[in-house]
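Heads up: the structure comes next, in structure tokens.
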Amino acid sequence: MKTEGKQRLFEERDVSKAILLKQLSHEGHAISTIAGLDLDQLRRMSNLQNSAQSKRTANGEPVTLAVVGLSLANRIESKKFASGLKQNRIKVTDVLVDLEAASQAALPEKPQVLLVKVNTLQTSVHASIQALIQKHKFAQTLVIYNFAPESVVQAMKFSGLSVRRGPVSDLELAELLQSVVFVDQARAQEFGTSGSVIASRKYSDETLTRVAGISTNVLCECPRHVAELITQLASFEEYSQECLNKNAEDAHLHAYLRSISGSARSLFENALEKIAQHEGIDLLEASQ
């Protein structure tokens, strides 16, 4: 006799397989040749198919995603969800059953975004997610939960994670993913930022305050102005994220505003690094 948890896991795997079989058959693969493949083989085939399609389009690089939670992965891999992503594409590189499985995974494709679905947030869950971020260097981490103490939620937000309480509709989930993608990928790359996903903050408010107070040889006081701009943009980025979480009706607007402010913040962080190099400012020392 199977436990409820194991039964649910088997059902989610069946749904995953059905979704991938349907997508691959629509792409021209004969059911007779793919029906006997296991879930991992189907997902690898789907990723190869998506990569081939990406090379034929001019919409920029796809957002690569590691998903913890089969039910969430099933939603993201559906055609219905893809239709809500506007101009951007999602490539799910890895699907992990839970955080324990994720801790053992190699993730050779180095996905840019970690998307986690958990029922309950606790301090131990936060620690597990932070360990994953340290190990794989995700640019952004999005966490969807059902229940949590407010203290844990605030601690996760303070550490740079995007935290959202469920349930979350497909449209809201699509907007959440859109909010961490560069508005103009080509322009961002021109300014020295690689990839399609906005990196999380590099410098704390304390570091930026110290940089702003350093005297330099630049007459226009660029270090101070750029540090202050980064602080303001980061604050607005956080504010937009809070609006995105609270107001589903205006989700598209707030996702766009967060993407705009995050894109600008990331580019100005690159600018600050160039200024610091020119002026001999040690940003690591300033962060201590």
### Query
If you go through segment 187-198 one residue at a time, do you hit one that is buried (at least 18 other Cβ atoms within 10 Å of the Cβ) and under 19 Å from Gln277 (Cα atoms)?
yes
### Query
For segment 171-186, how many residues meet the condition of being over 14 Å from Gly262 (Cα atoms) and surrounded by fewer than 21 Cβ atoms within 10 Å (Cβ to Cβ)?
3
### Message
If a residue must be at pLDDT 90 or above, farther than 19 Å from Met156 by Cα and charged (D, E, K, R), how many such residues does segment 193-248 contain?
### Response
1
### Message
Checking the condition touching a residue at least 60 places away in the same chain (Cβ under 8 Å), assigned to a loop (DSSP other than H, G, I, E, B) and of a type outside the set (Ser, Thr, Tyr), which residue from Ala186, Ala199, Ala251 passes?
### Response
Ala199
### Task
Answer yes or no as to whether Val92 is modelled with pLDDT under 95, touching a Leu at 6+ places or on another chain (Cβ under 9 Å) and farther than 21 Å from Arg258 by Cβ.
yes
### Query
Applying the selection to segment 88-142, what residues are touching a strand residue (DSSP E or B) at 6+ places or on another chain (Cβ under 8 Å), more than 16 Å from Gly69 (Cα to Cα) and small (Gly, Ala, Ser)?
Ala139
### Task
Identify, by number, the condition in (1) assigned by TED's automatic domain parsing to the domain that holds Phe147; (2) under 17 Å from Leu283 (Cβ atoms) that Phe191 doesn't meet.
(2)
### Query
Does any residue of segment 49-65 turn out to be buried (at least 17 other Cβ atoms within 10 Å of the Cβ), within 24 Å of Arg165 (Cβ to Cβ) and at pLDDT 70 or above?
yes
## Note on the structure
Checking Thr207, Thr141 in turn, the sole residue that is assigned by TED's automatic domain parsing to the domain that holds Leu257 and either more than 29 Å from Asp250 (Cα to Cα) or assigned to a strand (DSSP E or B) (or both) turns out to be Thr207
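The values are calculated or read from the model by the stated rules, or taken from the named source; none is laboratory data. It should be emphasised that the depicted structure is a prediction, and the values quoted were computed from it without experimental measurement. For neighbour counting, all protein chains shown are included, and Cβ atoms are generated from backbone atoms with ideal geometry for every residue, glycine included.
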